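Data first, discussion second: the structure below is written as structure tokens.
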Amino acid sequence: MVQYIFMKQIIVIVALVLLISCKEGGKDTAFVKANSTEKAAQFNDWLAVQFQEDLSRDPQMQTSMGSKENYGKWTDISSDHELESKKIAERRLAYLRDSIHKEGLTGQDRLSYDLYYQKQKQGIANFDYRLYTYPVNQMHGMQSEIPAFLINQHRIDNVSDAKAYISRLKGIQPLFEQLSENLKLREYNGIMMPRFVFHHVLKDSRNVIDGYPFNDSKNNSTLMEDFLNKISKLKLSSEERKQLEEEAVLALQNEVESGYKTLIATLENQQQRATLEDGVWKFPKGDEFYEYALQQTTTTDMTADEIHKLGLSEVARIHGEMEEIMKKVNFDGSLHDFFKFMREDEQFYYSDDASGKAEYLKEATAIIEDMKGDLDQLFITKPKADIKVKAVEAFREASAGKAFYQQPAIDGSRPGTYYANLYKMKAMPSYQMEALAYHEGIPGHHMQIAIAQELEGIPDFRKHSFYTAYVEGWGLYSELIPKEIGKYEDPYSDFGRLAMELWRACRLVVDTGIHTKKWSRDDGIKYYVINTPNAEIDAVKMVERHIVMPSQATAYKVGMNKILDLRKMAKAELGDDFDIKEFHDVILTSGALPLTVLEKQVKAYIQSKKQ
């Protein structure tokens, strides 16, 4: 109460000073202030309109945000849609240059201007590299993402929702016909997946159209099972339920099967011409593309060589810290002997059966719940959205990554989800479980992304921005900060934390090695096996990820190092006035940012504290 009264007194004094200033300066001063506020409001209104325009062009994003508008549609992936996106970015950039007086914007409004301006420039530049991607791949390819989207994001709360689900099933045929054309267009322009990718995506595609009603199997197909489970929770008459089931069966047998068979035929055709060349150096202007990709991913000007050298340096440092843990547990042997011990000793692995997988999910959930109770030691702002832990679905677990996160719906209808891939329990050691849960859950991705979505007073586009180095840098940083409040009591668990940081350091070496130094897939796998304790299956999946997502894996270590450097700078400048909770609030409460902009935010915070 004392603080509240004191603040009221300050507000009154400030208001009086402003009133006197306006009178002494005549009408112009008051007019300028009012006009400035009005301009900022107009700018934010314009940003809101642009966000809604983007949303209207992206039905899947609408669903992800909890909206049921365009609920039966898929997002357009045509070349015409991409060209239209470029033209929209050009129009917006012209408006920002010609119609917005950015010098009149301050604080968050000025930051919004700078971010949106850069976003439009990037959208235009991206158009030149729009074909330099693999729209089907083992990580996030449409062959598995489309059914995963229906399963995890398309809710069925009533008959209308069920009809929309069926409409989306029917839409898979035209969507995949367009996808097949996009793959052919890429090949025509010299961009095609390496040979190993085809095995993964063909397996995923065939899995989706396996089971009833695609054949006489007693088991339902993945999508049939999902649809039946969802409508079973509705209060329907037997006639209504039967009609919906029949409509879904027809859509699956006709449009879904046809769409996947079209995709499979295209992939089988291209597979015959695929090569073993893995890096993007094989593309036309591949070197230029990779440097551009690194800039976009890291939001820095670091070159491939600089990133490669940073990786080698970090690998050496972390190896040294691991040797200290070896001494703590009285291990007699070399670091490589210790790696072998950690890979092979049964005490570090859950059983590779339903019981072991259930135990893993239970323990991962318990780690996150425990961390929730300690957030007040590190944070001021905390997310309202909840989080759940879930195993990656069977139809895509063989090719999917080790773990990943899906953001919650804004309306609270869907919590955030930490997906753990339990396909092979040997790839999910218990000593890495703690760090992995912190990274994907709390205080990692869930905390950062949910807080961003829940922010007030900033434009919607900033609540949903994604700068990989910031997002993944925060995730990796989040593996470290629990140690600073007493977590990782088990030295083996702390070794797991270091093992995961080491993994990210190796990524800097291998990503640049593959895409600029012409390392082969086997070269990359060998580097991971020699330098980390992870299972070989981890190394295989990671190298294959490097290949289909060039530059992406460099974001983690570059981002973490920047956050640590900024924290070190803030501590040095502020001394006893440094507050870790305030620092984290600066990092988290403006939404995702380029690292260069994040640095400016921290420097501004330091100056404000000094004053």
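The values are calculated or read from the model by the stated rules, or taken from the named source; none is laboratory data. Since this is a predicted model, take the numbers as computed values, not measurements. A quick note on method: Cβ atoms are made from the backbone with ideal geometry, for glycine too, and the neighbour counts reach across all protein chains shown.
Selection within the range 97-125: residues that are touching a residue at least 40 places away in the same chain (Cβ under 8 Å) and under 30 Å from Y188 (Cα atoms). The member of this set that is farthest from the chain's Cα centre (by Cα) is A125.
Within the range 233-250, none of the residues are in a helix (DSSP H, G or I) and within 30 Å of the chain's Cα centre (by Cα).
Looking at L310, L263, L267, which is the one that is over 24 Å from M142 (Cβ atoms), among the hydrophobic types (A, V, I, L, M, F, W, C) and modelled with pLDDT of 95 or more?
Values: L263 fails: over 24 Å from M142 (Cβ atoms); L267 fails: over 24 Å from M142 (Cβ atoms).
Being over 24 Å from M142 (Cβ atoms), among the hydrophobic types (A, V, I, L, M, F, W, C) and modelled with pLDDT of 95 or more holds for just one of L310, L263, L267, which is L310.
The selection criterion, being at pLDDT below 95 and within 31 Å of the chain's Cα centre (by Cα), holds for E277.
Search the range 114-156 for residues being of a type in the set (F, W, Y) and surrounded by 20 or more Cβ atoms within 10 Å (Cβ to Cβ), and hand back the single one that is farthest from G171 (Cα to Cα).
Checked the range 114-156; the qualifying residue farthest from G171 (Cα to Cα) is Y116.
Residues in the range 460-487 that are farther than 15 Å from I442 by Cβ and of a type in the set (S, T, Y): S465, Y467, T468, Y470. If you check T222, T297 for being in contact (Cβ under 8 Å) with a residue 60 or more places away in the chain, of a type in the set (V, I, T) and closer than 15 Å to D511 by Cα, only one passes: T297.
Of Y290, Y350, all but one fail to be assigned to a helix (DSSP H, G or I) and either on the phi > 0 side of the Ramachandran plot or buried (at least 18 other Cβ atoms within 10 Å of the Cβ) (or both); the exception is Y290. The single condition among (1) closer than 29 Å to D128 by Cα; (2) assigned by TED's automatic domain parsing to the domain that holds A505 that F283 does not satisfy is (2).
Restricting attention to the range 207-224, the residues that are loosely packed, with under 15 Cβ neighbours inside 10 Å and of a type outside the set (S, T, Y) add up to 5.
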